[in-house]
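The values are calculated or read from the model by the stated rules, or taken from the named source; none is laboratory data. Bear in mind the structure is a predicted one, so any value in this text is a computation, not a measurement. No Cβ is skipped: glycine too gets one built from the backbone with ideal geometry, and neighbour counts run over all protein chains shown. Side chains included, ligands, DNA and RNA excluded: accessible areas come from the protein's heavy atoms. Shrake-Rupley method; radii C 1.70, N 1.55, O 1.52, S 1.80 Å.
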Amino acid sequence: MGKAENSRIALPVGSNLDRFIMRNQEGFPFASGELSQLIRDLAYAGKVVNREINRAGLADITGAYGAENVQGEAQQNLDVAADIRFTRALKKGGEVAAIISEEVEDVIDLNNPRAKYIVAIDPLDGSSNIDVNVSVGTIFSIYRRVSPMGSPVIKEDVLQPGKEQVAAGYILYGSSTMFVYTTGKGVNGFTYEPSLGEYILSHQDMKIPKSGSIYSVNEGASASFPKEVKDYIASCKERGYSARYIGSLVADFHRNVLKGGIYIYPSTEKAPNGKLRLMYECNALAFIAEEAGGKATDGSKRIMEIQPTSLHQRVPFFVGSKEMVKEASTL
Ligand code: AHG
Ligand code: MN
Ligand code: MN
């Protein structure tokens with residue numbers, strides 16, 4: 001079966017995620033099923049987080065947690081709750097040797113030395129939007145460890161460039177909750193049906209339009225944007241494009257995948273390397289963008305080629321429709 005055919009597995013829209021993952025695995029005769037189980041674990045934890053987000057207005061779980069994460073950002077209660085839910089699900093699942101999380105300073109060794117996968121996660125993206133009832137998300141990347149199974153996890157296991165991802169995805173907790181992921185054979189999106197407790201295939205083989213007329217950038221900081229970015233934004237305005245910026249990366253990205261558009265978080269005076277994190281945000285969305293026919297750069301280099309040097313490293317991020325990202329960056 002060719003790549004394109006295989007990504008369009010013979011399942012009708014409406015199939016559930018578990019069945020889809022199972023059928024996907026049949027395409028790899030020697031697959032042990034561990035990656036499939038790991039994706040199911042993430043999807044399950046997503047259901048639990050979804051439930052908490054939907055109760056957020058009533059339960060006492062909105063607001064600030066009262067601490068800062070390693071990056072000096074105020075943690076919200078739900079940041080911490082989501083981090084716990086995902087870590088717990090992955091620990092129990094047994095397929096993951098270590099997790100790196102935006103919310104935790106160091107590598108979380110799950111003491112599963114026989115496990116072969118590493119997960120990088122932003123448990124709750126856009127968390128400052130929780131208190132105002134706006135969409136938030138979860139972003140994840142999955143890597144295969146490079147050190148031998150059975151030995152302790154090493155730095156090289158967790159600091160792999162994005163091109164080594166074996167799978168990546170996001171969960172969007174929006175007007176509907178969606179689970180979108182890729183294992184390198186196209187991108188598929190599943191909408192959560194709460195009455196069934198199931199994710200149902202709703203967006204098969206997602207493709208981002210080659211170009212679009214939406215630009216998403218926090219223009220409040222534009223005085224200190226690089227000149228090329230200022231020029232690009234000016235050209236978007238001349239062409240009458242729409243500005244759309246939710247402030248939850250997952251939601252901004254998802255809209256642009258469906259409609260065509262570009263998301264930019266450039267370097268600014270306050271944030272010389274931009275704000276977004278290579279390991280928890282950019283690599284996963286870059287993989288999905290490319291699998292959907294789009295593009296992701298840091299302004300001059302392909303995101304997935306960047307060799308990370310530290311867990312919480314930030315990079316400028318240009319992602320979305322291929323033609324638009326080409327025009328806005330020098331790659
Ligand atoms: P997080 O909540 O995981 O820290 O991420 C917030 C990110 C991202 O979701 C969003 O696009 C960006 O921060 C918004 O930043 P600005 O408020 O600087 O525009
Ligand atoms: Mn984030
Ligand atoms: Mn976050």
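Structure values in brief
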| read-out | value |
| --- | --- |
| Residue in the stretch 288-302 that is in a loop (DSSP other than H, G, I, E, B), of a type outside the set (Asp, Glu), open to solvent by less than 20 Å² (accessible area, probe 1.4 Å) and within 16 Å of ligand 2 (Cβ to nearest atom) present | no |
| Residues being in contact with a helix residue (DSSP H, G or I) (Cβ under 6 Å, 6 or more places away or on another chain), among the β-branched types (Val, Ile, Thr) and in contact (Cβ under 8 Å) with a residue 24 or more places away in the chain - total across the stretch 139-183 | 4 |
| Single residue of ILE139, ILE84 found to be within 16 Å of ligand 3 (Cβ to nearest atom), among the β-branched types (Val, Ile, Thr) and in contact with a Leu (Cβ under 9 Å, 6 or more places away or on another chain) | ILE139 |
| Some residue of the stretch 159-181 being more than 16 Å from ligand 1 (Cβ to nearest atom), open to solvent by 30 Å² or more (accessible area, probe 1.4 Å) and under 23 Å from ARG255 (Cα atoms) | yes |
| Test for SER213: is it polar (S, T, N, Q), touching a residue at least 40 places away in the same chain (Cβ under 8 Å) and closer than 30 Å to THR191 by Cβ | yes |
| Residue list for the stretch 63-82, restricted to those being open to solvent by 20 Å² or more (accessible area, probe 1.4 Å) and part of a helix (DSSP H, G or I) | ASN77, VAL80, ALA81 |
| Residue among VAL146, VAL104 that alone is outside any helix (DSSP H, G or I), surrounded by fewer than 22 Cβ atoms within 10 Å (Cβ to Cβ) and more than 20 Å from the chain's Cα centre (by Cα) | VAL146 |
| Tabulated pairs, the stretch 243-260, first buried (at least 23 other Cβ atoms within 10 Å of the Cβ), second assigned to a loop (DSSP other than H, G, I, E, B) and charged (D, E, K, R), C-beta under 9 angstrom, 6+ apart or interchain | ASP252/ARG244; ASN256/ARG244; VAL257/LYS207 |
| Subset tally (residues that are part of a loop (DSSP other than H, G, I, E, B) and within 16 Å of ligand 3 (Cβ to nearest atom)) for the stretch 219-270 | 3 |
| Single unsatisfied condition, VAL134 versus (1) at pLDDT 90 or above; (2) within 14 Å of ligand 2 (Cβ to nearest atom); (3) open to solvent by less than 30 Å² (accessible area, probe 1.4 Å) | (3) |
| Checklist (1) under 17 Å from the mean Cα position of the chain (by Cα); (2) away from ligand 1 (no atom under 16 Å from the Cβ); (3) of a type in the set (A, V, I, L, M, F, W, C) applied to ILE99, failing item | (2) |
| Scope the stretch 261-272; condition open to solvent by less than 50 Å² (accessible area, probe 1.4 Å) and either in contact with a helix residue (DSSP H, G or I) (Cβ under 6 Å, 6 or more places away or on another chain) or free of Cβ contacts under 8 Å to residues at least 40 places away in the same chain (or both); matching residues | ILE262, TYR263, PRO266, THR268 |
| Test result for LEU124, open to solvent by less than 30 Å² (accessible area, probe 1.4 Å) and within 16 Å of ligand 2 (Cβ to nearest atom) | yes |
| Filtered residue count, the stretch 184-218, keeping only those that are assigned to a loop (DSSP other than H, G, I, E, B), within 16 Å of ligand 1 (Cβ to nearest atom) and closer than 20 Å to ALA292 by Cα | 0 |
